[in-house]
1. Being surrounded by 14 or more Cβ atoms within 10 Å (Cβ to Cβ) and of a type in the set (F, W, Y) is the filter; apply it to region 270-306 and report the residue that is nearest to F178 (Cα to Cα).
2. With the requirement that a residue be hydrophobic (A, V, I, L, M, F, W, C) and modelled with pLDDT of 95 or more, what does region 98-115 give you?
3. Can you find a residue in region 313-336 that is over 27 Å from A123 (Cβ atoms) and among the polar types (S, T, N, Q)?
4. Given the criteria of a type in the set (D, E) and in contact with a helix residue (DSSP H, G or I) (Cβ under 7 Å, 6 or more places away or on another chain), does E366 qualify?
5. Would a scan of region 123-133 turn up a residue that is in a helix (DSSP H, G or I), over 28 Å from the mean Cα position of the chain (by Cα), assigned by TED's automatic domain parsing to the domain that holds T182 and modelled with pLDDT of 95 or more?
6. Might you let me know whether region 174-191 holds any residue that is within 24 Å of F216 (Cα to Cα), more than 17 Å from the chain's Cα centre (by Cα) and touching a residue at least 60 places away in the same chain (Cβ under 8 Å)?
7. Exactly one condition in (1) in contact (Cβ under 8 Å) with a residue 40 or more places away in the chain; (2) of a type in the set (S, T, N, Q); (3) surrounded by 15 or more Cβ atoms within 10 Å (Cβ to Cβ) is false for Q88; which is it?
8. Looking at region 417-439 only, could you name the residues that are surrounded by 17 or more Cβ atoms within 10 Å (Cβ to Cβ) and over 21 Å from G305 (Cα atoms)?
Amino acid sequence: MAGSSALHPSGCRWHPATRVAFRFLFVYVLLYSWGAVLQLIPFVGGIGPSAIEESMYPVFVAIGRAVFGVEITVFPNGSGDTTFNWVQVATHVVVALVAAAAWTALDRKSVAYPRLKDGLWIAMRFVLASAMLGYGLDKVFLLQFPAPAMQRLMQPYGESSPMGLLWTFIGASEPYQFFAGTMEVVGGMLLLFRITQLAGALWCAGVMANVVLLNFCFDVPVKLYSSHLLLMALVIAAPDLPRLVRMFVLNRGAEPVDLAGPWTDMRWRRIARVVKWSWIALTVPLLVWQMYGARAMYGPDAPKGALDGTWEVAEFWRDGVDVPPLTTDAARWRYCTMIDRPEFKIATVTRMPGASDRWFLVLLDERGSRVESSAAKGKLELHEWSVAAGDDPAKAKVIATLDYALQDDGWLRVAGDFAGARIEALCARKQAGDYLLVNRGFHWINETPFNR
């Protein structure tokens, strides 16, 4: 915008380049964020956008093939940097450029767009605020970066991925994760009000600059999304750039701006105020409640079954023969890790050379009936790790069914037919507290650096 004058409701004429830039920005944000805007509507916002977005998949597949010469086979998932996402963003840029050119050719009379600009800024503020609050509360409740699990602690340091290293680094310190989340929540809250929108935009720009850098430097696949959030924060603050330069660079005074916007009808302003406060009063507590529930469901407070954890295989028999723990034996088990939670159950076996196999885990009682929680005795049904299993892992192919028994002395015995042989394993539970990363703790006084 043309300096701070772009914030005024009327009486200003934007520079022609500003008008063209705004037209491009308006169309691009509309294309990129329309789903996020609809999702601002509590309870119903997530219903429509996903269906509409899925209906557009064939369009982007065709564009990727015809324009960019790439074949799209993976659609939006946990990664936000898929080929689909890059083709989608490139398409949005081209469409926005064409639309801005057409808009410029057809609209030669308008000298400014104060109402469109104010509406766009409101949309960007709340989309960014919603993202900051969501990600921030996820960290505040220690959900985004879980504490290093046993399998991570046992993994050779050099075999972790850069993203895995980042997750371990932040997850190893609950206070740091809480602080990082609080910074995001503060930025999101500041964006919700006109009087603090500039402070919120600058705050979020600082926070997101660090997030974007981490995503790029540690190869976290949300580079596109986090970059858009950073750019959104900078765009929100952009109209105040001349005032900021005058104050912080030129050491001169800056005139206040009219924060009322171009909306002069008091009735509509009251309605807008009611809508805003209703959204804040409903959405913020709802987010807190959802994160609290998630913490109790699959976070640090989630209940764990008796089998949950990592078990070291102390003794192993194959077809009745005792198998020594040789690192060259790819068939012998070294560790057995089970995630035994109400919402999901996974079993992983790490072999002596270090390779691992993973399966969906279904618990059965001694009679073979499916149960939700482990008991002192029962059966472990290992199902093929398959996305096709959908919401019920039991639909996947059964790989093996093993008997298990938790002994009074704390040992776990597992036996059954596995990989063409009769196996039996005697396992001892490993404790995360045995590892330096977990038990080192905090020290006010360090006579010498303790760096391992």
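The values are calculated or read from the model by the stated rules, or taken from the named source; none is laboratory data. From a predicted model like this one, the values you see are computed outputs, not experimental measurements. Glycine also receives a Cβ, built like all others from the backbone with ideal geometry; neighbour counts cover every protein chain displayed.
1. Among residues in region 270-306 that are surrounded by 14 or more Cβ atoms within 10 Å (Cβ to Cβ) and of a type in the set (F, W, Y), the one nearest to F178 (Cα to Cα) is Y292.
2. Listed by number, the residues that qualify are V98, A99, A100, A101, A102, W103, A105, L106.
3. yes
4. Taking the combined requirement at face value, the residue does not satisfy it.
5. The answer is no; no qualifying residue exists.
6. Among the residues of region 174-191, not one is within 24 Å of F216 (Cα to Cα), more than 17 Å from the chain's Cα centre (by Cα) and touching a residue at least 60 places away in the same chain (Cβ under 8 Å), which makes the answer no.
7. So Q88 meets the others, but not (1).
8. Hits for region 417-439 are F418, I423, E424.
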